[in-house]
1. Are there any pairs with C-beta distances below 8 angstrom linking a residue in region 186-200 that is farther than 16 Å from LEU54 by Cβ to a residue that is not in a helix (DSSP H, G or I), with the two at least 6 apart or on different chains, and if so which?
2. Is there any pair linking a residue in region 63-76 that is over 26 Å from SER189 (Cβ atoms) to one that is open to solvent by 30 Å² or more (accessible area, probe 1.4 Å), with Cβ under 9 Å and at least six apart or on different chains, and which?
3. For GLN88, work out the one condition from (1) touching a residue at least 60 places away in the same chain (Cβ under 8 Å); (2) within 30 Å of PHE26 (Cα to Cα); (3) in contact with a Phe, Trp or Tyr (Cβ under 8 Å, 6 or more places away or on another chain) it doesn't fulfil.
4. Hey, among the residues in region 1-37 that are part of a helix (DSSP H, G or I) and of a type in the set (D, E, K, R), which one's modelled with the highest pLDDT?
5. Among the numbered criteria (1) without any contact (Cβ under 8 Å) to a residue 40 or more places away in the chain; (2) crowded, with 20+ Cβ neighbours inside 10 Å, which single criterion is violated by TYR138?
6. Somewhere in region 144-163, is a residue among the charged types (D, E, K, R) and touching a residue at least 12 places away in the same chain (Cβ under 8 Å)?
7. Residues LEU188, LEU125, LEU153: which one is out of contact with any Cys (no Cβ under 9 Å at 6 or more places or on another chain) and farther than 17 Å from VAL80 by Cα?
8. Yes or no: region 39-58 includes at least one residue that is farther than 27 Å from VAL142 by Cβ, crowded, with 21+ Cβ neighbours inside 10 Å and either out of contact with any strand residue (DSSP E or B) (no Cβ under 6 Å at 6 or more places or on another chain) or in contact (Cβ under 8 Å) with a residue 40 or more places away in the chain (or both).
Amino acid sequence: MEQFYQLAHAFMHQDLATLSDPKMAFMVCGVLLTFLVLENGFIPTAFLPGDSLLILTGVLIYQGVLPLGIVPLLILATFVGTWFGYMQGRFLGHTRMYHRLMSHMDDKHKEKVFYLLNKYGILTLITARYIAFVRTVYPYIVGATEIPQGRFLIVNLVSSIMWVTPLVSLGYYLSHTKLAAQYESQFLSIILYLPLVLLVGGIVALIWRWLSKRKAVPPRD
């Protein structure tokens, strides 16, 4: 627990020297990989900030905190998380549990998934990767529609590469810009705090949605 406190403290104070310590860097890798698996594979954790974490990873690679070798691990974590979602849809697609999980997602996200799936087929997983929440719902619905797993795994791998690589590269590229060098402290603050802000915003939105549903349920006599 103390190490997690040290990690949070280092992020809060932009202490790159502490973050570069092998133990801390290992913890950062573990957190990133865990978040990607959860965000891509489980509807209750769809609010986790995947996009911003990948951009942050690119910045941390540039700063020497993380090795470039983490990129294949990020792709693997994304691939595995999405596969978990597919398998849940495949085995739970006709159960109450599946429909209960899907009820936690906004109708607009589900409608968008069905629209993309009907119009473009399984290849839309590549597009869905870039739409928060939709990329989490998509594999559930694909699994429930019993699309062959072989086809899904190929598209899953391609889409994982096409999501992780550009966003990590974007973070790395932004770190090279003159603006980032000129306002290094402010730039790092934005990049480091953005995932936290999005995470808190996602939790607040989730709680608000839960409270709204409770209010909408008529009281029993």
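1. LEU188/GLN14; SER189/GLN14
2. Cβ pairs passing all conditions: LEU73/LEU33; ILE75/LEU157; ILE75/ILE161; ILE75/THR165; LEU76/LEU33.
3. (1)
4. Quick first cut of region 1-37, residues part of a helix (DSSP H, G or I) only: 2-12, 16-19, 22-37.
With the extra rule that they be of a type in the set (D, E, K, R), the set shrinks to 2, 23.
Working: GLU2: 75, LYS23: 88.
Of everything passing the filter in region 1-37, LYS23 is modelled with the highest pLDDT.
5. Looking at each condition in turn, TYR138 falls short on (1).
6. yes
7. On the way: LEU125 fails: farther than 17 Å from VAL80 by Cα; LEU153 fails: farther than 17 Å from VAL80 by Cα.
After applying the criteria, what remains is LEU188.
8. Within region 39-58, one or more residues are farther than 27 Å from VAL142 by Cβ, crowded, with 21+ Cβ neighbours inside 10 Å and either out of contact with any strand residue (DSSP E or B) (no Cβ under 6 Å at 6 or more places or on another chain) or in contact (Cβ under 8 Å) with a residue 40 or more places away in the chain (or both).
The values are calculated or read from the model by the stated rules, or taken from the named source; none is laboratory data. What you are looking at is a predicted structure, and each value in this text was computed from that prediction instead of being measured. Quick reminder, even Gly has a Cβ in these numbers, built from the backbone with ideal geometry, and neighbours come from all protein chains shown. The area values use the complete protein model at the heavy-atom level, side chains included, leaving out ligands, DNA and RNA. Shrake-Rupley method; radii C 1.70, N 1.55, O 1.52, S 1.80 Å.
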